[in-house]
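Here the structure comes first, spelled out in structure tokens, and everything after it is commentary.
Taken together, the values in this text are just the output of simple stated rules run on the coordinates, not laboratory data. Predicted model only: the values in this text are computed from it and were never measured. Note: ideal-geometry Cβ built from the backbone for every residue, glycine included; neighbour counts use all protein chains shown.
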Amino acid sequence: MLKIGDLTLSSPCILSPLAGISDLPFRMLNRSFGCEFAFTEMVSARALVGQRKKSQHKLLSTTPADRPLGVQLLGNDAETLRGALDRLRKYNFDIIDFNAACPVIKVTRRGEGASLLKEPRRLGELLRAVVAHADIPVTVKIRSGWDDTSINARDVALYAQDAGVKGLVIHGRTKAQGYQGTVDYQIIRAVKEALSIPVIASGDALSPRLIKKLFDETGCDGVAIARGALGNPWIFKETGAFIRDGIDSQRPGMDAIADTMISHLNLCIDFHGERMGTMIFRKFFAWYTKGIHGVRELKCSAFRAETKDQMIDFINEVRTTSWDRGFYCSAAVDERINAGRDLIDL
């Protein structure tokens, strides 16, 4: 159970916001496999109140079944953030998450995202403004620090708690690390021990075993799943079974994978239209087929698909291929991480 403000979740595992990924079809597909709480894609406060606000509406589209739901807000100006919050009210989100963790250069060079880790007091002031203007619980996402010479997550977290946030998500890497290198479990534990609000751990939540490791080694209240859900909506139920009963679930067979791909494709097409939905699904085709032998040419062909029928033909070819179950099992994922392999595309 995870409680954030007046929101109580039966599952401590949530679906993180993923830029260019976390649209309504992706969230609904994951919900059908056990995901209880999800976030929209990260939304820019400047874009929301400016000329690009219409383009942001698609990112925020939702349905009554897409609940409970949070939105992650990016910004560094209190007035702009208040304007963005005014525009978000009509969507009736359950949580506002403020992003102080994004390591992307085009974000940090504007003084947004992880760059705010260099100014803990200013971040606290921005959070205070957001909390005062929001009518729902506010959380914040941070990293362990800017680089390995400035690990300040504990101090940043205390400023955030003093500002009135109801929960904190911490990615156990620095901005400089991006998504590479090892996750610092100890800094997550230090933040957890310093705060009285819920702390949600993030980083390498790629398998049930690694998610349990985050819980065990950090004492966190929840875990945010991001890359672990790419082409793998089963991770939510599998993690629940592993944490509850110690069961290593068997990976789905090829027919189940193909059926899930078709369901996801249909959701994409219903939401984006046939051509755009098919093109958007191309990247998911690659994630769903990770670890399947002899699929390289099939992936190349799928990346040229422009119609639903073309993509379904390629998906149906997956049914006859060989699945390397060892590649994707929890122990194998753990081994590759320990070996230092970059797992961004998992």
task: Using Cα pairs closer than 8 Å and at least 6 residues apart in sequence, work out the relative contact order for region 147-189, in percent.
output: 42 percent
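How many Lys pairs in region 197-319 lie less than 15 angstrom apart by Cα atoms, where the lysines are 8 or more positions apart or on different chains?
Close lysine pairs found across region 197-319: 4.
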- prompt: In Å, what Rg and Dmax follow from the Cα atoms of region 184-263?
  reply: 14.5, 47
- prompt: What ranking do F33, F242, F236 get, fewest neighbouring Cβ atoms within 10 angstrom at the top?
  reply: F33, F242, F236
- request: Taking the Cβ of each residue in H264, H133, H293 as the centre, tally the other Cβ atoms inside 10 Å and list the residues starting with the fewest.
  value: H293, H133, H264
- prompt: Counting pairs of alpha carbon atoms under 8 Å apart in space and at least six apart in sequence, what relative contact order in percent does region 130-210 give?
  reply: 31 percent
message: Between region 199-242 and region 75-96, how far is it from one alpha carbon centroid to the other, in angstrom?
response: 28 Å
task: Have a look at the DSSP beta bridges in region 86-197 and tell me what percent are antiparallel, nearest 5.
output: 10 percent
Length-normalised contact order for region 180-219 - Cα pairs under 8 Å, 6+ apart - percent: 49 percent
- prompt: For K3, which sequence-distant residues (separation of 5 or more, or a different chain) have an amide H within less than 5 Å of its own amide H, given hydrogens modelled in the peptide plane?
  reply: L9
Vicinal HN-Hα couplings computed from phi for region 219-234 (Karplus, 6.51 cos²θ - 1.76 cosθ + 1.60; Hz; Gly/Pro x): x, 5, 8, x, 10, 9, 9, 10, 4, x, 9, 6, x, 8, x, 5
- prompt: For D255 and A194, what does the FRET efficiency come to when R0 = 45 Å and r is the distance between their Cβ atoms, rounded to the nearest 0.05?
  reply: 0.40
message: Among DSSP bridges having both ends in the chain, what percentage is antiparallel? Round to the nearest 5.
response: 15 percent
- line: Rg/Rh of region 254-318 (Cα atoms, Kirkwood Rh), to two decimals, equals 0.93
task: Hey, can you grab everything whose amide H is under 5 Å from the amide H of C13? Only 5+ residues off in sequence or another chain; H modelled, so Pro and N-termini drop out.
output: V223
- request: Among E217, E238, rank each residue by its count of other Cβ atoms within 10 Å, from fewest to most, as a rough exposure measure.
  value: E217, E238
- line: Going residue by residue through region 9-18, the Karplus relation 6.51 cos²θ - 1.76 cosθ + 1.60 with θ = phi - 60° gives ³J(HN,Hα) values, rounded to whole Hz and with x marking Gly or Pro, of 10, 6, 10, x, 9, 10, 9, 5, x, 10
message: Taking 0.36 nm per residue of sequence separation and subtracting the Cα-Cα distance, how much length would be gained by fully extending the chain between K290 and E274, in nm to one decimal?
response: 3.3 nm
task: Any lysines with Cα under 16 Å of the K118 Cα? List them, leaving off those in the same chain fewer than 8 positions away.
output: K141, K175
³J(HN,Hα) computed for each position of region 70-77 - Karplus, 6.51 cos²θ - 1.76 cosθ + 1.60, integer Hz, glycine/proline x: x, 10, 9, 10, 10, x, 8, 10
